[in-house]
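The values are calculated or read from the model by the stated rules, or taken from the named source; none is laboratory data. Only a predicted model underlies this, so the values are computations on that prediction, with no experimental measurement involved. Every residue, glycine as well, gets a Cβ built from its backbone with ideal geometry; the counts of neighbours run over all protein chains shown. Surface accessibility is based on the protein's heavy atoms, side chains included, excluding ligands, DNA and RNA. Shrake-Rupley method; radii C 1.70, N 1.55, O 1.52, S 1.80 Å.
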Amino acid sequence: MEPSVNPRRILPSVAAVLLAASLAGCNPQAADDTDSKPSGAAGSPSSAAPSGAAGGGPAEGALTLAKAIAKIPDGVEKRDGYERDSFRHWIDEDDDDCETRAEVLIEEATTKPEQGERCALTGGVWLSYYDEAEVTEARKLDIDHMVPLAEAWDSGAYDWTAERRQAYANDLGAERSLVAVTAKSNRSKSDKDPATWLPPADAAHCTYAADWTGTKLRWSLTADDKERAALLKLAEACPDTTVQYEVAK
């Protein structure tokens, strides 16, 4: 991949247009499954409400959550051959000494950290939207792939080139592809889909369903029957939640 300018840092408003979910009316029933994931999670605080429908209906270009879920292709998961190293991640795409993990942490901080040599971060405050926890040390955060790498592999990435898998693992072009969250919540999630794991905070469920759905659509990934059923159940509880996305090139 050729180096490119990080859109999160130059055009933060564009990222919200690429993938957004309304937080209105979000109060689905809590799920009882948990999961965990390797270090490196990116998070977006739920208080930073993405663009979406306001009151009367979806924003221009947005889909209701139910309609967006219906657009996810059907598929049967294929785990054979998966290795985490198949997705090269935390690269420095724009040669500014900040790898993807640091880029996400800088962008999503509610109080910006100080940036030292080789993008060493000190100070800063973050809100982990999965569990509504405030974090004041970057080392206590993981950068979560909204759709975990193993789930992406199962859902179609097994057939991608190495270059496309790298692009997926370092996707800074959509605000919700990577989110900074507590290590505890990220590792609880692991590689689970919404059929077996939802964020501990009930108020995060609608946003999470929209973020998951938008990421699947952005990368043309499939959903199996159990996953789709779980998402549709969430859609019933989140009637005002909308999804916007841009297909990754």
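Taking the accessible area of segment 178-249, probe 1.4 Å, and keeping the other protein chains in place, the carbon and sulfur fraction comes to 52%. Looking at segment 62-125, the GluC sites (Glu not before Pro) that sit in a DSSP loop and have at most 13 other Cβ atoms within 10 Å of their own Cβ are 83.
Shape verdict for segment 154-193, please, from the Cα gyration tensor: rounded (a/c under 1.5), prolate (a/b greater than b/c) or oblate. Since a/c reaches 1.5 but b/c is at least a/b, the shape of segment 154-193 is classed as oblate.
The phi-based Karplus calculation (6.51 cos²θ - 1.76 cosθ + 1.60; θ = phi - 60°) puts the 3J(HN,Hα) values of segment 216-226 at 4, 6, 4, 9, 6, 8, 8, 10, 8, 4, 5 Hz, whole numbers, x for Gly and Pro.
Counting protein heavy atoms only, segment 89-145 has 41 percent of its accessible area on carbon and sulfur, 1.4 angstrom probe. Need one word for segment 86-194: rounded, prolate or oblate. Basis is the Cα gyration tensor (sqrt eigenvalues a ≥ b ≥ c); a/c below 1.5 gives rounded, then a/b vs b/c decides. Cα axes put segment 86-194 in the oblate bin. Here the label points at residue 111 and residue 203, each 7 Å from Cα along the C-beta direction, are separated by 2.0 nm in the simple model.
Kirkwood-type hydrodynamic radius, segment 163-249: 13.8 Å, calculated from all non-identical alpha-carbon pairs.
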